[in-house]
Amino acid sequence: MKKKLLRIILTVVLLVGAWMVEHFAALPMWQVLLVYLIPYFVIGYDVLGEAVEGIMEGDPFDEDFLMSLATIGALLIGFLPGAEPQFIEGVFVMLFFQLGELFEHYAEDKARDSISELMDIRPDVAFVERSGRVEGVRPEDVVVGETLIVKPGEKLPLDGVVIEGTSSVNTVALTGESMPRDVSVGMEVISGCVNLSGVLKVKVAKPYSESTAAKIIQLVEEAGDNKSRSESFIRRFARVYTPIVVISALALAVIPPFFYDSYASAFGVWLYRALTFLVVSCPCALVISIPLTFFAGIGGASHKGILIKGGNYMDALAKLSTVVFDKTGTLTKGTFDVEAIHPEKLSEKELLRLAAYVERYSTHPIALALCAACDEEKGDGVVEDVQEVAGLGVTAIVDGKKVSAGNNRLMAALGIVYPACERCTRHAGTIVHVAIDGEYAGHIVISDQLKTDAVKAIDGLKQLGVSKTIMLSGDKREVVEQIAKQTKVTDYYAELLPADKVSHVERLIAEKNTGETIAFVGDGINDAPVLARADVGIAMGALGSDAAIEAADVVLMDDKPSKIALAIRLSRRTIFIAKENAWFAIGIKVAVLLLATFGMASMGLAVFADVGVMVLAVLNAMRAR
């Protein structure tokens, strides 16, 4: 960019000098041409080179060819009988074309900043503990199972699990959220986060090539390969449009002079109009601004924690009529919590304590939820003779009492009759029954908790005109029904297998109207097939499986379903800006082409219709950031 800017400045100086020579030196025309050729070649040598290269490769019809043809014609037209010299106009056209290219490169650099900033999440060095010493190595050389030392202010180079230390990590580069996240021993951490406070020891869980940071960078870099329909159309349009323009300009220069008394004198006039026609018709604004709009939109979305894998998926997001959600891990947190405690003969606190003591050695998610809810779970109680019965529950001796905790089948196996609980109708979830020495003591309701923004996510979609929001789940009907009531989805289906989810989405695709699209939102390995089948697959990236992220077209890095509405708004805005550019560029060009045909447009107006429109369209495209 700096080199091009220097060339532009030098050309302006040389052009002023050439104009002064023309007006004060009284040189013959061919010598004046030589003077003007100096600034012309300074500013246009690369454009001329690209035009010659295109001709040599058999693909001449591009903007470089049009600019070269028009400017060379303008420089030579003064030698025709009755024609006025257009030396300064010829250099000016090339100068303003390069000025427009400078604006384009500046805008591209600004758009690329959104993506290049992502490169900052990839640290150059990882500090690994080896043989009692800490070594600085490339992240690519770290092996799974090794221990990383991450000091405050450093980026996490690879994904792993904290084995020592507590800290807060900044995930803004990944998720767009500025709120730090607290981490401690046993918690997963992902590459690209910045350690803010304490020193962490992290056991590496994935090689660098499979780390979150590496995958994000790869996804965004590859996004440009998936062109939107608008981008693909513009490229096809330019290939057909440019030869037609060249032939039309040639006809405009050659045919009308036949209707004049003097063909030679009329030819100069109509050649000037044809050259003006060529300058105006260059499709720079369309070819440059529309792909740049999508590029800027994808970069802007990535800063919001939304990775869109290409412009074609922006097209699809903008036309969504139906969004299908998986339940667990998508609308719900995917982790169990104690929803309610209903004791029979003892306090809620004591019932929870006994259940947590029995479950303290189990790794089942329900057992982990009970232990997490009980402050006294790691107290001094004596737990002996723990027996876990698969599919039923756990029994143990707690402080000399036989305590059983499990489902209704465990109670039936122990011959324990329990009363129906009317209060449980208000709580959909898994019921853990507790018995003490063969007598029923009460039960605890465990449920998967709704995400804090799940209701907001559905409301946001409805406000954007998404007519159907559907929830699919393999969970029990009563659990799915309660989540459906809370979120107000339009429909739901429960107790489904992964293949059933694919069938439902295929049915919805078959039933949709032309021009509408369907999205599926999921996070698990079993969601990968249906993510790939939907028009737009949207994966939860922070906690989602690698398979889901690979299969998806859009990745939400902070697991917030409310970001779907934001992704739709960003896509619609990007496409609106692209359409603005298209209609603006076409409208101005058609108007000036008509004026040029009838000799009412000067070369200066032609430059505005080409370069000026391109600059305005490029600046407008940057709003997509």
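Going from the residue with the fewest nearby Cβ atoms within 10 Å to the one with the most, 148, 317 rank 148, 317. Short-range pairs are left out: with C-alpha atoms under 8 Å and at least six residues apart, the relative contact order of the chain is 15 percent. Annotation: amide H-H contacts under 5 Å for residue 441 (H modelled 1.01 Å from N, sequence separation of 5 or more, or interchain): 434, 435, 436.
Placing unit charges on the Cβ atoms of the charged side chains and taking the dipole of the chain about its Cα centre, the candidate lying farthest along the positive direction among 95, 328, 383 is 95. Ordered by the count of other Cβ atoms within 10 Å of each Cβ, fewest first, 462, 309 give 462, 309. About its Cα centre, the chain has a charge dipole of approximately 1320 debye under the convention of +1 per Lys or Arg Cβ and -1 per Asp or Glu Cβ, with nothing else charged. Taking a ≥ b ≥ c as the square roots of the eigenvalues of the alpha-carbon gyration tensor, the stretch 333-450 is classed rounded because a/c is under 1.5.
Applying the Karplus relation 6.51 cos²θ - 1.76 cosθ + 1.60 with θ = phi - 60° to the stretch 164-169 yields 3J(HN,Hα) values of 7, x, 10, 6, 10, 10 Hz, where x marks Gly and Pro. Annotation: amide H-H contacts under 5 Å for residue 335 (H modelled 1.01 Å from N, sequence separation of 5 or more, or interchain): 449.
Counting only alpha carbon atoms, the long axis of helix 63-76 and the longest principal axis of the chain meet at about 20°. For residue 471, the residues whose modelled amide H falls within less than 5 Å of its own, excluding neighbours fewer than 5 places apart on the same chain, are 325, 491, 492, 493.
The 3J(HN,Hα) values that the Karplus relation (6.51, -1.76, 1.60; θ = phi - 60°) gives for the stretch 254-268 are, in residue order, 9, 6, x, x, 4, 8, 10, 5, 10, 4, 4, 6, 6, 4, x Hz. Gly and Pro appear as x. Once both axes come from the Cα atoms, what is the angle between helix 348-359 and the longest principal axis of the chain, in degrees from 0 to 90, rounded to 10? Value to nearest ten degrees: 80. Helix 2-24 and the longest principal axis of the Cα set of the chain meet at an angle near 20°. Fewest neighbouring Cβ atoms within 10 Å first, the residues 1, 557, 314 line up as 1, 557, 314. Couplings 3J(HN,Hα) for the stretch 191-205, derived from phi with the Karplus relation 6.51 cos²θ - 1.76 cosθ + 1.60 (θ = phi - 60°), are 5, x, 6, 9, 6, 9, 10, x, 6, 10, 9, 10, 7, 5, 9 Hz, where x marks Gly and Pro.
Taken together, the values in this text are just the output of simple stated rules run on the coordinates, not laboratory data. From a predicted model like this one, the values you see are computed outputs, not experimental measurements. Because the Cβ atoms are built from the backbone with ideal geometry, glycine has one as well, and the counts that use them run over all protein chains shown.
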